[in-house]
1. Among Arg226, Arg197, Arg144, Arg212, which is the only one that is in contact (Cβ under 8 Å) with a residue 24 or more places away in the chain and either out of contact with any Gly (no Cβ under 6 Å at 6 or more places or on another chain) or closer than 19 Å to Ile15 by Cβ (or both)?
2. Does Thr41 meet the test of being in the same structural domain as Lys128 (by TED's automatic domain parsing) and crowded, with 17+ Cβ neighbours inside 10 Å?
3. Given the conditions (1) at pLDDT 85 or above; (2) within 27 Å of Lys143 (Cβ to Cβ); (3) more than 23 Å from the chain's Cα centre (by Cα), and given that Tyr48 satisfies all but one, which numbered condition is not satisfied?
4. Going through Val272, Val243 one at a time, which residue ends up being within 28 Å of Ile139 (Cβ to Cβ), in a loop (DSSP other than H, G, I, E, B) and touching a Lys or Arg at 6+ places or on another chain (Cβ under 8 Å)?
5. When residues of segment 185-201 are filtered for being part of a loop (DSSP other than H, G, I, E, B) and in contact with a Leu (Cβ under 9 Å, 6 or more places away or on another chain), how many remain?
6. Could you pull out the residue among Ile254, Ile218, Ile238 that is surrounded by 13 or more Cβ atoms within 10 Å (Cβ to Cβ), farther than 30 Å from Gly18 by Cα and either assigned by TED's automatic domain parsing to the domain that holds Ile15 or in contact with an Asp or Glu (Cβ under 8 Å, 6 or more places away or on another chain) (or both)?
7. Do we have Leu5 as assigned to a helix (DSSP H, G or I), under 19 Å from Ser127 (Cβ atoms) and modelled with pLDDT under 85 here?
8. Answer yes if at least one residue in segment 154-175 is polar (S, T, N, Q), buried (at least 21 other Cβ atoms within 10 Å of the Cβ) and in a loop (DSSP other than H, G, I, E, B), and no otherwise.
Amino acid sequence: MKDMLKDILTNLFLICLGSVISAAAIKGILIPNQFISGGITGLALIVYYIFPVIPIGVIYFIMNIPLYVLGWLSIGQRFFWYSLVGVMVFSLAVMLPIPVFHIHDKILAALLAGIISGGGSGIILRSKGSAGGLDILSIMLLKRYSIRLGTTVLAFNACLLIFAAFRFSLESALYVLIYMFVTSQVLNVVVTGLSQRKAVMIISTRWADINRQIIDKIERGVTIVRGQGGFTGQETHILYSVVTFQELSRLKYIVRQVDPRAFVVVTETMEVMGYGIGNQPHW
């Protein structure tokens, strides 16, 4: 019971913190510069600029209703309730008197807004919910098709950007493009980049010694694959392991010490699922 309460409070804290940070980017930078955002927030801002009498928070909340139905049917009740809290906090936060960031250079304003917004969205998605909007669709595509969160956001926003170029101006659309790109990159870093996993493949005549040291010193599992050299025709053993970014340097040190002539290939992973080494948030 105590662990469950701690888990709930942690997720609510992440959702509230991320929502307030994202709202600060909108109220403090985007609206004063007449920029739009991405996803449902961008649509809400367009409506707000056309009908400024309607509070931006109210517009955003109404636009999220269809997506919440989708989230309830496709992702789960836990995600639904956490995200409901997120959209309510975010809708209220964008109506707070948040101070304006007085940045005269619009490029710098777009960069800062992207960093703040991407960080806020990433913090929210580290929880078991979201702040609504495109987050719900992004998570669905990630779970079903392994499409990265930032990729979904960037593709969807491209359509929004084309509309903005015609509705407002090409110059304004280019500033927003900078903002969207930075947001997507920071989002990927916060959600998965800080827990990036590396897949390592090692071919060595001293594979048994390397295998033992990886298990003993790094405490990571190793898969041994039997292979054959294409040129020599000799039988060989291939070690395959997945480690964290911090553990990679230790692994390479072990390999160099045991067999300086070992052949090592290191590749990045999109996502890893599994006990002890997985890096995906538990949506």
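1. Of Arg226, Arg197, Arg144, Arg212, the one residue that is in contact (Cβ under 8 Å) with a residue 24 or more places away in the chain and either out of contact with any Gly (no Cβ under 6 Å at 6 or more places or on another chain) or closer than 19 Å to Ile15 by Cβ (or both) is Arg197.
2. Working: in the same structural domain as Lys128 (by TED's automatic domain parsing): yes; crowded, with 17+ Cβ neighbours inside 10 Å: yes.
When the stated conditions are applied, Thr41 passes them.
3. The number of the failed condition is (2).
4. Numbers: Val243 fails: in a loop (DSSP other than H, G, I, E, B).
None of the others qualify; the one that does is Val272.
5. Pass one, segment 185-201, residues part of a loop (DSSP other than H, G, I, E, B): 192, 196.
Those left that are additionally in contact with a Leu (Cβ under 9 Å, 6 or more places away or on another chain): 192.
Counting residues in segment 185-201 that are part of a loop (DSSP other than H, G, I, E, B) and in contact with a Leu (Cβ under 9 Å, 6 or more places away or on another chain) gives 1.
6. Numbers: Ile254 fails: either assigned by TED's automatic domain parsing to the domain that holds Ile15 or in contact with an Asp or Glu (Cβ under 8 Å, 6 or more places away or on another chain) (or both); Ile238 fails: either assigned by TED's automatic domain parsing to the domain that holds Ile15 or in contact with an Asp or Glu (Cβ under 8 Å, 6 or more places away or on another chain) (or both).
None of the others qualify; the one that does is Ile218.
7. Details: assigned to a helix (DSSP H, G or I): yes; under 19 Å from Ser127 (Cβ atoms): yes; modelled with pLDDT under 85: yes.
Considered against the rule, which asks whether it is assigned to a helix (DSSP H, G or I), under 19 Å from Ser127 (Cβ atoms) and modelled with pLDDT under 85, Leu5 comes out as yes.
8. Within segment 154-175, the first condition is being polar (S, T, N, Q), and the residues that meet it are 157, 169, 172.
Subset that is buried (at least 21 other Cβ atoms within 10 Å of the Cβ): 157.
If we keep only those that are in a loop (DSSP other than H, G, I, E, B) as well, we get none.
Looking through segment 154-175, none of the residues is polar (S, T, N, Q), buried (at least 21 other Cβ atoms within 10 Å of the Cβ) and in a loop (DSSP other than H, G, I, E, B).
The values are calculated or read from the model by the stated rules, or taken from the named source; none is laboratory data. Keep in mind that what you see is a predicted model, and the values were worked out from it rather than measured. Cβ sites come from the backbone with ideal geometry, for glycine too, and all protein chains shown count toward neighbours.
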